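Encoded as structure tokens, the structure appears first; notes follow it.
The values are calculated or read from the model by the stated rules, or taken from the named source; none is laboratory data. Just so it is clear, the structure is predicted and the values come from calculations on it, not from any experiment. Here Cβ is always computed from backbone atoms with ideal geometry, including for glycine, and neighbour counts include all displayed protein chains.
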């Protein structure tokens, strides 16, 4: 009996001694292990986030009400995606856009541009017919309201990331704006091949020349074009009110009211 207790005590003592050695005297690394340790990945945090209670605030989903294959809307060789924020009942506005600055049948320059309209929920049967005819409607699972515009913005980015990640250039607009898509197409081609000889716009217009000069020296595949907004006070009332659950600070963080965003792409 005492013999067994003695053996057990020795085993426990040996185990404790080994644990102490491991803690106080870590194993030495060989040359390969040492190299791995010194070259371990370093995590760099860009754009530090403000403390906020809005974690998980943005969540957007697409419906399957139109039975559209979203992956087939754009072509594999498209170089620009223009996503247009619209309301479900703005059928006439969308028809006008398809006849004019989004008319790919009339303007050859628009051949490699993909157009989509982002709308919210609706029970209007005409919208379902429109989706079946044109195949360019993306419906988000949200009600149509001014406050939900921000969800449409995020929805457009999410949709492009899921279904058109091969398209390097993105342009967001609204259905009440006229866009010079021919000029935009020429600028997109300049971003791709860094040449302007394909466009009279880019060679002759003084304002466009200034833009070309500004963008010639930057990485055109990480460009985010827009107006920098700084130090605006958070509004809690009126049309532009922002709920504290979305942003619980008195001053808005710096942000870019964008016009043209370019998706990073490997050359």
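Take the conditions surrounded by fewer than 20 Cβ atoms within 10 Å (Cβ to Cβ) and more than 21 Å from the chain's Cα centre (by Cα) and apply them to residue 144. Does it pass? Write out each step before concluding.
Working: surrounded by fewer than 20 Cβ atoms within 10 Å (Cβ to Cβ): yes; more than 21 Å from the chain's Cα centre (by Cα): yes.
So residue 144 passes the test.
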Quiz item: If the Cβ limit is 9 Å and pairs must be 6+ apart or interchain, which residue in the range 132-156 that is closer than 18 Å to residue 94 by Cα pairs with which residue that is in a helix (DSSP H, G or I) and modelled with pLDDT under 90?
Solution: 140/148; 140/151
Quiz item: Among the candidates 176, 197, which residue alone is within 15 Å of residue 95 (Cα to Cα) and in a loop (DSSP other than H, G, I, E, B)?
Solution: 176
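Would you point out the residue of the range 99-112, among those that are surrounded by fewer than 16 Cβ atoms within 10 Å (Cβ to Cβ) and in a helix (DSSP H, G or I), that is modelled with the lowest pLDDT? Break it down stepwise before answering.
Our first condition is that a residue be surrounded by fewer than 16 Cβ atoms within 10 Å (Cβ to Cβ); within the range 99-112, this holds for 99-100, 103-108, 111.
Going one step further and asking which of them are in a helix (DSSP H, G or I), we end up with 99, 108.
Values: 99: 96, 108: 88.
The qualifying residue modelled with the lowest pLDDT is 108.
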Practice problem: Please determine, by comparing only the residues of the range 250-265 that are surrounded by fewer than 12 Cβ atoms within 10 Å (Cβ to Cβ) and not in a strand (DSSP E or B), which one is modelled with the lowest pLDDT. | Solution: 264
Practice problem: Give me a count of the residues in the range 145-159 that are touching a strand residue (DSSP E or B) at 6+ places or on another chain (Cβ under 6 Å) and more than 13 Å from residue 173 (Cα to Cα). | Solution: 2
Exercise. State whether the residues of the range 32-55 include one that is in a loop (DSSP other than H, G, I, E, B) and either at pLDDT 95 or above or touching a helix residue (DSSP H, G or I) at 6+ places or on another chain (Cβ under 6 Å) (or both).
Key: no
Quiz item: Which condition number does residue 115 fail, the rest of (1) under 13 Å from residue 65 (Cα atoms); (2) out of contact with any helix residue (DSSP H, G or I) (no Cβ under 7 Å at 6 or more places or on another chain); (3) not in a helix (DSSP H, G or I) being met?
Solution: (1)
Quiz item: When you go through (1) in contact with a helix residue (DSSP H, G or I) (Cβ under 9 Å, 6 or more places away or on another chain); (2) more than 30 Å from residue 65 (Cβ to Cβ) one by one for residue 214, which number turns out not to apply?
Solution: (1)
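Give the residue that is nearest to residue 91 (Cα to Cα), with candidates limited to residues of the range 157-173 that are in contact (Cβ under 8 Å) with a residue 24 or more places away in the chain and surrounded by fewer than 16 Cβ atoms within 10 Å (Cβ to Cβ). Steps first, answer last, please.
Taking the range 157-173 first, the residues in contact (Cβ under 8 Å) with a residue 24 or more places away in the chain are 158-160, 162-173.
If we keep only those that are surrounded by fewer than 16 Cβ atoms within 10 Å (Cβ to Cβ) too, we end up with 162, 165-166.
On the way: 162: 26, 165: 28, 166: 29 Å.
Taking the candidates together, the pick is 162.
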